[in-house]
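Contents: one structure, followed by commentary.
The values are calculated or read from the model by the stated rules, or taken from the named source; none is laboratory data. What you are looking at is a predicted structure, and each value in this text was computed from that prediction instead of being measured. Every residue, glycine as well, gets a Cβ built from its backbone with ideal geometry; the counts of neighbours run over all protein chains shown.
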Amino acid sequence: MSIQRLSYLGFEVSDIAAWRAFAADKLGLMESSAVAHRARFRIDSRAWRLSVDKGQADDLSFSGYEVDSEEALTAVKKRLEARGVAVLVEGQDIATDRGVLGLVSCKDPAGNRVEICYGPTEVFETPFISPAGVSGFLTGDQGFGHYVLNVPDASAALDFYIKGLGLHLSDIIDWKLSDELTVRIYFLHCNGRHHTLALGSFPGDKALHHFMLEATQFDDVGFALEKFEADGAIVATLGRHTNDHMVSFYGATPSGFAVEYGWGARQVETNWSVVRYDKISVWGHRFIGLG
Ligand SMILES: [Fe+2]
């Protein structure tokens, strides 16, 4: 029994107000709740997908994966424990806060908090409406989107996420950042989405390299691109990735890590074979800078 999809992400951010404006205006996310120390956002029929909580880290706070039943949650817990991972069954207070029927939590080898849940809250009675007019985001069986972790020890992280949580390797890119530095990036899937998680040892000390939202219409990417351009917040130009074939650009968030805003990725299929690449993009994705 393995995890099924990414359910939600949580960030610890120093400027909640900036994130509320950014999420609504630039990304087109729908705010579901906001108090002084926290804001949560929707991108589909789920009650929330992204939580930003007040703090100084400006980094990933937690990732939430989901399984389809209580039995599957127990199975994943046992699978992790069999590998020596300490797994905590969270109480009703956190389950209620996350809006799920049950969850467990643990730390990955880099110390990132990982939650596994079942029974998330659906709110079909309040349709998702993007404040920026985004057509919608690709979620469903493919989950929230993807995120990329900067880890000190890729082998330990792969052992946790593949052998522990049950993700599968999609492919590898050896990303040449300079003559002196090539970073090997591992792309992992747990459903049709080409990668839900990627990891590598990047320069920089944030755990979160970027997270990705996949729009359902290409024009949504174009509209967002123009808004980031207007603010001088492009991190990397429009381009198409070699491995998932997604057309996307990267923009700066108020927390110093990037957001990838994309469309049109291909999915992993049955009989998928692991391959490797020397290039991260077919064209484009010219690096501009982070803020
Ligand atoms: Fe990405």
Exercise for review: Could you pull out the residue among Val282, Val259, Val268, Val275 that is among the aliphatic types (A, V, I, L, M) and surrounded by 22 or more Cβ atoms within 10 Å (Cβ to Cβ)?
Suggested key: Val259
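Criterion first (within 15 Å of the ligand (Cβ to nearest atom) and free of Cβ contacts under 8 Å to residues at least 24 places away in the same chain) does Val259 satisfy it? Explain how you work it out, then say what you get.
Details: within 15 Å of the ligand (Cβ to nearest atom): yes; free of Cβ contacts under 8 Å to residues at least 24 places away in the same chain: no.
Answer is no for this residue.
In this structure, does Leu177 turn out to be on the phi < 0 side of the Ramachandran plot, of a type in the set (A, V, I, L, M) and in contact with a strand residue (DSSP E or B) (Cβ under 7 Å, 6 or more places away or on another chain)?
Details: on the phi < 0 side of the Ramachandran plot: yes; of a type in the set (A, V, I, L, M): yes; in contact with a strand residue (DSSP E or B) (Cβ under 7 Å, 6 or more places away or on another chain): yes.
Against the criterion (on the phi < 0 side of the Ramachandran plot, of a type in the set (A, V, I, L, M) and in contact with a strand residue (DSSP E or B) (Cβ under 7 Å, 6 or more places away or on another chain)), Leu177 qualifies.
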Study note, to complete from the structure: Per the list (1) in contact with a helix residue (DSSP H, G or I) (Cβ under 9 Å, 6 or more places away or on another chain); (2) over 16 Å from Trp175 (Cβ atoms); (3) within 16 Å of the ligand (Cβ to nearest atom), residue check on Leu225 breaks on (1)
Check your understanding: Here are some conditions: (1) within 15 Å of the ligand (Cβ to nearest atom); (2) hydrophobic (A, V, I, L, M, F, W, C); (3) out of contact with any strand residue (DSSP E or B) (no Cβ under 9 Å at 6 or more places or on another chain). Ala230 meets all but one. Which one does it not meet?
Key -> (1)
Practice item. Kindly indicate whether any position in the range 208-220 is in the same structural domain as Val275 (by TED's automatic domain parsing), closer than 15 Å to His285 by Cα and assigned to a loop (DSSP other than H, G, I, E, B). Key: no
Revision key, fill the gap. Per the filter on the range 59-84, residues under 22 Å from the mean Cα position of the chain (by Cα) and buried (at least 18 other Cβ atoms within 10 Å of the Cβ) are Asp59, Leu60, Ser61, Ser63, Gly64, Tyr65, Glu66, Val67, Leu73, Val76, Lys77, Leu80
Point to revise | Residue identified as in the same structural domain as Arg184 (by TED's automatic domain parsing), over 16 Å from Arg286 (Cα atoms), more than 12 Å from the ligand (Cβ to nearest atom) and crowded, with 21+ Cβ neighbours inside 10 Å among Pro203, Pro254 | key: Pro254
Check your understanding: Just one of the numbered conditions (1) among the acidic types (Asp, Glu); (2) more than 15 Å from the ligand (Cβ to nearest atom); (3) assigned to a loop (DSSP other than H, G, I, E, B) is not true of Asp244; which one?
Key -> (2)
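Residue-by-condition table, conditions (1) in contact with a Phe, Trp or Tyr (Cβ under 8 Å, 6 or more places away or on another chain); (2) modelled with pLDDT under 95:
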| site | (1), (2) |
| --- | --- |
| Trp175 | no, no |
| Ala230 | no, no |
| Thr253 | yes, no |
| Glu269 | no, yes |
